[in-house]
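Right, one structure below, let's go through it.
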Amino acid sequence: MMTGKEYRESIRRLKPEIYYLGEKIDNVADHPAFLPHVNAAALTYDMAQAPEFEELLTAKSHLTGQKINRFTHIHHSHDDLVKKVKMLRALGQQTGSCFQRCVGFDGLNSVYSITYDIDQKMGTDYHKRLVNVLKEIQSKDLMVSGAMTDVKGNRRLSPSQQKDPDLFVHVAEKKKDGIVVRGAKAHITGGVNSHGHLVMPTSAMKAEDADYAVAFYVPIDAPGVVHIFGRQTNDTRKCNCFMDQGNVDYGIVGGEALIIFDNVFIPWEHVFMCGEYEFAYELVERFATAHRQNYGGCKTGLADVLVGATYALSQVQGTDRASHIRDKLVEMAHLTETLYCCSIACSCQGYALPAGSYMADPLLANVTKLNVTRHVYEIARLAQDIAGGILATAPSELDWKDPKVGKYVEKYLKGVEGVPTETRLRLLRLIEGMTCGTALVESMHGAGSPQAQRIMIERQANLERKKRLAEKLAKIGEQPLLVC
Ligand code: SF4
């Protein structure tokens, strides 16, 4: 397993093509715009080395018997699924941000099981290829991004109906030794600081979309792979205002990128689906279930930090003994634990797939994520309520440090006696970063938008069975039992 330092060195050695704010970036490991995301990912390596987190962050490879980082593991029990959720909460508590490695983790588990199913039905050898790549990922402890969401163009049209054929990633050419792919994937978490990308189809496909039913692994610096890093709220603060960032070390979310595949060659050994359109939907559902399972883990870790920051701020501002403040803090904690319950429940209700790997219960995993799109907003709303309007109007770190006006900021923004103004400003900035802008949008749309969860809940909820239960008790179509 790598340490965080070795991870940083490993991505420093790579030469991916990355652009940000109109500039080509040569080294993400040391650039301030990327550093928080690199730091958060590095912690997934360092915490795996720490004895107190060993049980959660490491596992035994079912392929080699070696100790591996859990982010490269294939779940083989309920215990694995529960440990995953606990690991994510622990990492969320330490980073207060997104540590990015879960998407590739979920992608590997989903592709592992679906390649087995494809081979059983079609006589292909995708699973063996995936196992070989997985062994390398486990032994080198690579960070893999999961690239699923296509840019999609006109949402009314299927992949093959789009005027521009490249709006979904597809096979542009088949060669003797591999395929050439073209297209783009959007919002890819950890997209610029991973070692490679696991690319998967984004939706159900029909026969005419067969060229779009493609899954593969590609190193981040393969020729033709171009990354354009997205903007986040307050991202310019990364360059000149350390305190104003709030979470200086780990930032506010994962750092997402648009990844373009401009005629990229993929050798057959790295191709895990190529035209088997009938399996595209099942792959998407397994991946979505795995990633939605996570959100009551990582987001509850973040919520723990936010509840703590809000409580500390109420003490600094002298409101902590007011009963309505304590009520709101309790409500924040209640919502946090509700989310955690959902993630633990969908893990305990998980089951084995034909490949022998385990996946969480799809209905409960979708409920988990749909709750996140509401509860995280409510937790943030309560934090903002307790913090007060100063959350949006506090002067910058530069004014606080200014030789002329700094003394006014120090004097007039002070809270209770004995606590420095700096403490109040730091807590406000942390809460601001965690409850405004990009951080909230991530809770809404990360792992799929709310409507995607509703569709899956409708599919799994079995309304017909519920109707029959009601009809039976209401004696619809039956004679009532005589009770007297
Ligand atoms: Fe992992 Fe959560 Fe970030 Fe998704 S949002 S990659 S589950 S930390």
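The values are calculated or read from the model by the stated rules, or taken from the named source; none is laboratory data. The shown structure was predicted, so the numbers you read here are calculated from the model rather than taken from an experiment. Every residue, glycine as well, gets a Cβ built from its backbone with ideal geometry; the counts of neighbours run over all protein chains shown. What goes into the accessible areas is simple: the full protein's heavy atoms, side chains included, and nothing from ligands, DNA or RNA. Shrake-Rupley method; radii C 1.70, N 1.55, O 1.52, S 1.80 Å.
I'm trying to understand the selection: among the residues of segment 246-266, which are under 30 Å from GLY178 (Cβ atoms), acidic (Asp, Glu) and within 16 Å of the ligand (Cβ to nearest atom)?
Within segment 246-266, GLU256 is the sole residue that qualifies.
Might you check whether a residue that is out of contact with any Phe, Trp or Tyr (no Cβ under 9 Å at 6 or more places or on another chain), assigned to a helix (DSSP H, G or I) and more than 27 Å from ILE18 (Cβ to Cβ) occurs anywhere in segment 154-174?
yes
Would you confirm, using the coordinates I've provided, whether LYS67 is within 20 Å of LEU339 (Cβ to Cβ) and either within 16 Å of the ligand (Cβ to nearest atom) or touching a residue at least 24 places away in the same chain (Cβ under 8 Å) (or both)?
Considered against the rule, which asks whether it is within 20 Å of LEU339 (Cβ to Cβ) and either within 16 Å of the ligand (Cβ to nearest atom) or touching a residue at least 24 places away in the same chain (Cβ under 8 Å) (or both), LYS67 comes out as no.
Kindly provide the set of residues from segment 9-29 that are within 23 Å of ARG237 (Cα to Cα), under 23 Å from the mean Cα position of the chain (by Cα) and surrounded by fewer than 21 Cβ atoms within 10 Å (Cβ to Cβ), ordered by number.
Matches in segment 9-29: TYR19, TYR20, ALA29.
Considering (1) at pLDDT below 95; (2) under 17 Å from CYS102 (Cβ atoms); (3) touching a Phe, Trp or Tyr at 6+ places or on another chain (Cβ under 6 Å), say which one GLY251 fails and leave the rest.
(3)
Return the pair list, or none, for Cβ contacts closer than 9 Å from residues in segment 115-134 that are surrounded by fewer than 20 Cβ atoms within 10 Å (Cβ to Cβ) to residues that are of a type in the set (D, E, K, R) and outside any helix (DSSP H, G or I), at least 6 apart or on different chains.
Here the result reads ASP119/ASP125; LYS121/GLU276; MET122/GLU276; THR124/GLU276, each pair linking segment 115-134 to a residue that is of a type in the set (D, E, K, R) and outside any helix (DSSP H, G or I).
Taking VAL248 as the residue in question, decide whether it is open to solvent by less than 10 Å² (accessible area, probe 1.4 Å) and in contact (Cβ under 8 Å) with a residue 40 or more places away in the chain.
no
Going residue by residue through segment 183-192, is there one that turns out to be open to solvent by 10 Å² or more (accessible area, probe 1.4 Å), within 16 Å of the ligand (Cβ to nearest atom) and either within 21 Å of ARG70 (Cα to Cα) or in contact with a helix residue (DSSP H, G or I) (Cβ under 6 Å, 6 or more places away or on another chain) (or both)?
Yes, segment 183-192 contains a residue that is open to solvent by 10 Å² or more (accessible area, probe 1.4 Å), within 16 Å of the ligand (Cβ to nearest atom) and either within 21 Å of ARG70 (Cα to Cα) or in contact with a helix residue (DSSP H, G or I) (Cβ under 6 Å, 6 or more places away or on another chain) (or both).
Quick check on this structure: which one of ASP385, ASP402, ASP304, ASP327 is surrounded by fewer than 22 Cβ atoms within 10 Å (Cβ to Cβ) and in contact with a Ser or Thr (Cβ under 7 Å, 6 or more places away or on another chain)?
ASP304
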